[in-house]
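Single-structure report; data block below.
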Number of protein chains: 2
Amino acid sequence: MKKLINDVSNVLTESLDGFVAAHGDIITLGAEHKFVQRRVLKPGKVALLSGGGSGHEPLHAGFVGHGMLDAACPGQVFTSPTPDQMIAAAEAVDTGAGVLFIVKNYEGDVMNFDMAREMAGRDIETVITDDDVAVENSLYTTGRRGVAGTLVVEKVVGAAAEQGADLRALKQLGDRVNRATRSMGVALTSCTVPAAGKPTFDMGPTEMEMGVGIHGEPGRRRVALRSADEIAEEMVAAIAGDLKAKGNALFFVNGFGGTPAMELYLMYNAAAAQLAKHGITPVRSLVGSYVTSLDMAGCSITVTMLDDEITKGWDAPVHTPALRWGL
Amino acid sequence: MKKLINDVSNVLTESLDGFVAAHGDIITLGAEHKFVQRRVLKPGKVALLSGGGSGHEPLHAGFVGHGMLDAACPGQVFTSPTPDQMIAAAEAVDTGAGVLFIVKNYEGDVMNFDMAREMAGRDIETVITDDDVAVENSLYTTGRRGVAGTLVVEKVVGAAAEQGADLRALKQLGDRVNRATRSMGVALTSCTVPAAGKPTFDMGPTEMEMGVGIHGEPGRRRVALRSADEIAEEMVAAIAGDLKAKGNALFFVNGFGGTPAMELYLMYNAAAAQLAKHGITPVRSLVGSYVTSLDMAGCSITVTMLDDEITKGWDAPVHTPALRWGL
């Protein structure tokens, strides 16, 4: 294993220390590294709280700030955060208007956020994201997995929260954005969890995993390495077939951590041509490594069908470590 | 070789097509893929023009837009663009106030930008960046290499150009920012050039290259894999020893393309502790993969000593595909 780390047991805390040092104008760190929160809270605004296993950076802590999340709870690598983290974070950021949990659909995360909701003694709603069309159930999941589309939910709901929407309205909006969003991923290499010290799975030099999950969990099938065009064709067909919609969309090409921008833009080009065949027109775009799987090579594509409300939420100003515009 | 590509001979053009499709609100593509330019030019402003071999994305095309570059010329992977590209780009973006070339110090780039300057028949000045302290001469370089510090030069000079500074003033400012800037890199793996199909150099599973260049060219020496703290100590000592300055700085941790955010932030933490020992205080920060070497794992660190003018230039609004704030 080759990584820029010190002791494997301190990877998360040292990385978080660097993160808050680099972005101290936007965020602060809660006690015992339990959560990252917005430096300046907005009284009367519903607090948005997310979290999950680490290793997907910048998700979620990179999306804490004006126009997106109020707090994020980082678990150990690929491990759910614990209910006491969420309870402490909710306590820190709830200014009286309630708290919305945004949770990717993995059994550990859903269970722990549910427990936190029951124990916190606050007004809390939960949006579960499950945008991955690759498989119906998976290694850590009952139902579909929540993947890169979670960013879109956090952005659009974050904008509405900033505008003063109440907790019930935000819960409805979050569910609606999730339903308008589909993703699928492909891996060319495995990731390596620091504490494990070796790749999560074996993959031959001419193989790829179609429909891979963001923890390297299996997708639809292992296939021989294909061209970008062929990969894009299958991923877009799966997404468009499931969406059953035509029209304007947000199109998001996401790198898994080990794939450079040059390949992501080439995939954007390949997939945009496929979207056109299905009557889907990208009118908003995001390209970059935002929902990662440590050092895994590969990418996912995410399509969110746009209406006026979702477009307005996407375009709204945002000021976080990883996404910033209009401010 | 595992990459998200189609035909290796079309990697650059297909990636550029995706790039302009994704960022068509900011940029347009010149004829024959010769350059990327700002969609909206500002008459009377000095035009900033950069370029170099591809494979370092988002550098330079990702920095075209308000507050940074007016145009960027992409060469083939790790190959200088040709003078006709620069001449065509200068023709497209010069609104009468002259053109500033910003060129990383590699022999091919310097020669071709020089030739373009002679042939273009315009008022052109050139800033050469050479921020890499690792080696004095290198495989493609007489003198020090221009690496990630080039981003800082483009940002600060871009801001001054936007404010109306004239060509001579911008040339002076660019040289000054370059002199205030030092970088050094480390590689854990080689990159793989698509057309070559195999890693540029061999590196054992427990080795790393200290002082690597952004084309994978050799650095100071090959050493056994070290901890992040040890790597940071050597890189910061080399930079601080060369800068011979204390005080406030911009601190930039740059990923080479195959290294995830989690490790970059851990390196930020490790290196910030070393900077403190040398009396250098990061008051501005940038962390991400901005000046890459295709899929190489590793990172560089860059320090720019700040004064009021450089700080103001860094903080100024920018709206490009890869860097955006204040707009």
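What follows is calculated from the coordinates using simple rules that are stated; it is not laboratory data. These figures come from a predicted structure and were not determined experimentally. Reconstructed Cβ throughout: ideal geometry from the backbone, glycine too, with neighbour counts over all protein chains shown.
I need to check one value: relative contact order of region A:182-307, counting alpha carbon pairs closer than 8 Å and at least 6 residues apart, in percent. List each step's numbers first, then the result.
Working: 272 pairs, mean separation 44.2, N = 126.
Computed over region A:182-307, the figure is 35 percent.
The relative contact order of chain A, computed from alpha carbon pairs under 8 Å that lie at least 6 residues apart in sequence, is 18 percent. Dipole size of region B:1-130 about its Cα centre, with +1 on Lys/Arg Cβ and -1 on Asp/Glu Cβ: approximately 360 debye, rounded to the nearest 20. Assuming charge only on the beta carbon of Lys and Arg (+1) and of Asp and Glu (-1), the dipole of region A:4-48 about its Cα centre is about 460 debye to the nearest 20.
In region A:1-157, what percentage of the DSSP-assigned beta bridges are antiparallel, given to the nearest 5?
On the way: 6 of 23 bridges.
Antiparallel bridges: around 25 percent, rounded to the nearest 5.
Among rounded, prolate and oblate, which fits chain B when a ≥ b ≥ c are the square roots of the eigenvalues of its C-alpha gyration tensor, a/c under 1.5 means rounded, and a/b larger than b/c means prolate? Cα axes put chain B in the oblate bin. As a rough footprinting exposure proxy, the listed residues A:THR150, B:THR206, A:THR259, A:THR320 were ranked by other beta carbons within 10 Å of their own, and the order from fewest upward is B:THR206, A:THR320, A:THR259, A:THR150.
For A:VAL291, nonlocal amide neighbours, meaning residues 5 or more places apart or on other chains whose placed amide H falls under 5 Å from its own, are A:GLY255.
For the protein assembly as shown, give the magnitude of the charge dipole about the Cα centre (Cβ charges: +1 Lys/Arg, -1 Asp/Glu; no others), in debye to the nearest 20.
Numbers: 58 positive and 78 negative charges, 95 e Å.
Here the size comes out at about 460 debye.
Placing pseudo-labels 7 Å out from each Cα toward the beta carbon at A:ALA224 and B:GLU136 gives an inter-label distance of 5.4 nm.
In region B:181-314, a dipole from Cβ-located charges (positive for Lys and Arg, negative for Asp and Glu) runs towards its positive end, and of B:THR281, B:HIS215, B:GLY204 it is B:THR281 whose Cα lies farthest in that direction. Summarised as an ellipsoid, the protein assembly as shown has semi-axes of 37, 27, 25 Å, derived from the eigenvalues of the Cα gyration tensor scaled by 5 and square-rooted, with the largest first. Residue order for A:LYS198, A:LYS312, fewest other beta carbons within 10 angstrom first, comes to A:LYS198, A:LYS312. Region B:1-33 and region B:187-222 have Cα centres lying 25 Å from one another.
Restricting to chain B, what percent of DSSP beta bridges are antiparallel, rounded to 5? Antiparallel bridges make up about 55 percent of those DSSP assigns within chain B. Counting neighbouring beta carbons within 10 Å and listing from fewest to most, the residues A:MET115, A:MET203 come out as A:MET115, A:MET203. Within region A:182-307, antiparallel bridges make up roughly 70 percent of the DSSP beta bridges whose residues both belong there. Too long at a 19 Å Cα-Cα cut-off: which of A:LYS2/B:LYS104; B:LYS104/B:LYS171; A:LYS155/A:LYS312; A:LYS3/A:LYS198; B:LYS45/B:LYS155; A:LYS277/B:LYS3? Beyond 19 Å between Cα atoms: A:LYS2/B:LYS104; A:LYS277/B:LYS3.
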